[in-house]
1. What per residue convex hull volume, in Å³, comes out for the range 118-216 when only alpha-carbon positions are used?
2. Multiplying the sequence separation of A29 and E355 by 0.36 nm and subtracting their Cα-Cα distance, what value in nm do you get?
3. Arrange the peptides 30-36, 422-428 so that the one whose residues have, on average, the most other Cβ atoms within 10 Å appears first.
4. Kirkwood hydrodynamic radius for the chain: how many Å is it when counted over pairs of different Cα atoms?
5. Can you give the accessible area per residue of the chain, in Å², using a 1.4 Å probe?
6. If packing is taken as the mean number of other Cβ atoms within 10 Å per residue, what is the order of 60-73, 376-389, 330-343, highest first?
7. Once you list every other residue whose beta carbon is under 12 Å from the beta carbon of K42, what net charge do they have if Lys and Arg are +1 and Asp and Glu are -1?
8. Run through the DSSP bridge list for the chain and note the antiparallel percent, rounded to the nearest 5.
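The values are calculated or read from the model by the stated rules, or taken from the named source; none is laboratory data. Predicted, not measured: the structure shown is a model, and the values here were computed from it. Here the Cβ is made from the backbone with ideal geometry for all residues, glycine too, and neighbour counts use every protein chain on show. Ligands, DNA and RNA are stripped out before the accessible areas are found, and what is left, the full protein with its side chains, is counted by its heavy atoms. Shrake-Rupley method; radii C 1.70, N 1.55, O 1.52, S 1.80 Å.
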Amino acid sequence: MRVYNSVVEKDPAQKVFHQAVFEVLENIAPAVEKFPIYKEHKILERIVEPERIVQFRVPWKDRDGEIQLNRGFRIQYNSAIGPYKGGFRFHPTVVLGLLKFLGFEQTFKNSLTGLPMGGGKGGSDFDPKGKTDSEVESFCTSFMMEMYRHIGQFVDVPAGDIGVGAREIGYMYGAFRKITNVHGTGVLTGKGPRYGGSLIRPQATGYGNVYFCEEMLKTKGEELKGKVVAVSGSGNVAQYAVEKSLQLGAKVITMSDSNGCIYVPDGLTKEHWDWIMELKNVRRGRIKEFAERFNVEYTKGGKPWVYKCDVALPCATQNELNGEEAQTLVDNGVLAVGEGANMPTTLEGIIIFVENKILFSPGKASNAGGVSTSGLEMAQNSQRYFWSAEEVDQKLHQIMVNIHSTAYETAKLFGQPGNYVLGANIAGFLKIADAMVAQGHLA
Ligand code: NDP
Ligand code: 2IT
């Protein structure tokens, strides 16, 4: 834990970053012990330190013509196995330490996908909530006026994350194109299908999480069909985790947002889902409005984890499922927990799931479908061609099956069968570490 202590000492305020580093270092310890070459090459010391951090100011004009100011960031974490790759987050809680946690996680996740992508993350403390389209456009354009010089298909390829969806990517891509006079370079992923985006990218993280969960259930002779599923969040990842769960015959009883949680004991229907898609993506309203419209239970500030379920899919944000809530899920007989968000479970929560032998998938494995399909978008852009929705979905499915078996087999190899946290961290680490060793001490 010498490396961990030095991370804490260097940046004492970056708590979520410490948490992410702790989880990884603890889980990869057996691999570092087994292969002394990583110590010799100081891989741990190097891997926790981002290769580069860019920070800049983002001035923009609001609807009254007044100048507003936000901060912009890009963390280019690790490019040993490919160009930096990872989303932008626009949320008022964005600070450097938060993006360092996300960039660090992304590095291991991208390695697990099997595709040649390094790790990066960026964003701003800009809050798109309540802003007009023109305000969002003004912000995105200003953000890109600095960002364009740091990104590119062989350098760094950003995408979306919390607060950055199709609208924001569209404005940023438009600004990039106008500034550089370059089109078709695959500089961003999550683009609209009319201008180089991949079909199934919007669905990919949620679908991928459910595909991964189905693989975990299979190892116990179970399937998602007929299972009661609790989902948190109602953004991009949650929406498509719900859709795929419904398609596979599960009963989805909850969704939430940062204000509260809806509980639908009979399960959401396709009609409910369509209504929520319109609510969240067109009207940009609150989940409470669903409860009012369909007369179901709504708990202000509530979370899904108090309800009895077979499968829990946390798809909102970091640290949204703590130790106490994990214990409630276990006491209520949960079979599987599939992280759709990045690090939604606290360290205490993870210990409870692992010790109780719950099928628990860390986000870096089970939410990797999003970035994997971003990788497929890059492949299509490079070919100047596109694949059908069926082709992309099939490739996404196969990638999730592969990530599952990689994590599963690695855990077995290291004497902890069924521990996906250990398996995913070690498998992700080994590929990056080997690439760093091979490329010499400056890499
Ligand atoms: P969205 O912005 O589309 O949705 C985020 C959802 O989470 C909203 O329902 C939001 O509620 C809720 N939420 C956000 N912050 C908080 C908070 N502090 N407390 C409670 N609820 C909160 O983002 P995504 O769906 O894209 O992302 C969700 C998670 O999945 C994040 O952890 C992200 O990093 C991760 N992820 C996303 C991928 C992608 O492809 N988009 C890929 C892999 C991981 P509200 O509207 O009230 O803020
Ligand atoms: O956390 C994530 O993996 C993402 N937000 C998606 C990143 C990407 O480049 O598609």
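1. Values: hull volume 12.4 nm³, N = 99.
For the range 118-216, the hull spanned by Cα atoms encloses 126 Å³ per residue.
2. Values: separation 326, 0.36 × 326 = 117.36 nm, distance 1.83 nm.
In short, 115.5 nm is gained.
3. On the way: 30-36: 13.9, 422-428: 27.4.
Those peptides, ordered most packed to least, come out 422-428, 30-36.
4. Working: mean 1/r = 0.0457 Å⁻¹.
Value: 21.9 Å, from the Cα pair sum.
5. Working: 18310 Å² over 443 residues.
Using a 1.4 Å probe on heavy atoms only, each residue of the chain averages 41 Å².
6. Values: 60-73: 14.0, 376-389: 16.2, 330-343: 22.4.
Ranking the peptides 60-73, 376-389, 330-343 by packing returns 330-343, 376-389, 60-73.
7. On the way: positive: R2, K39, R46; negative: E40, E45, E49.
Result for the neighbourhood of K42: 0.
8. Details: 26 of 46 bridges.
If we restrict to bridges inside the chain, about 55 percent are antiparallel.
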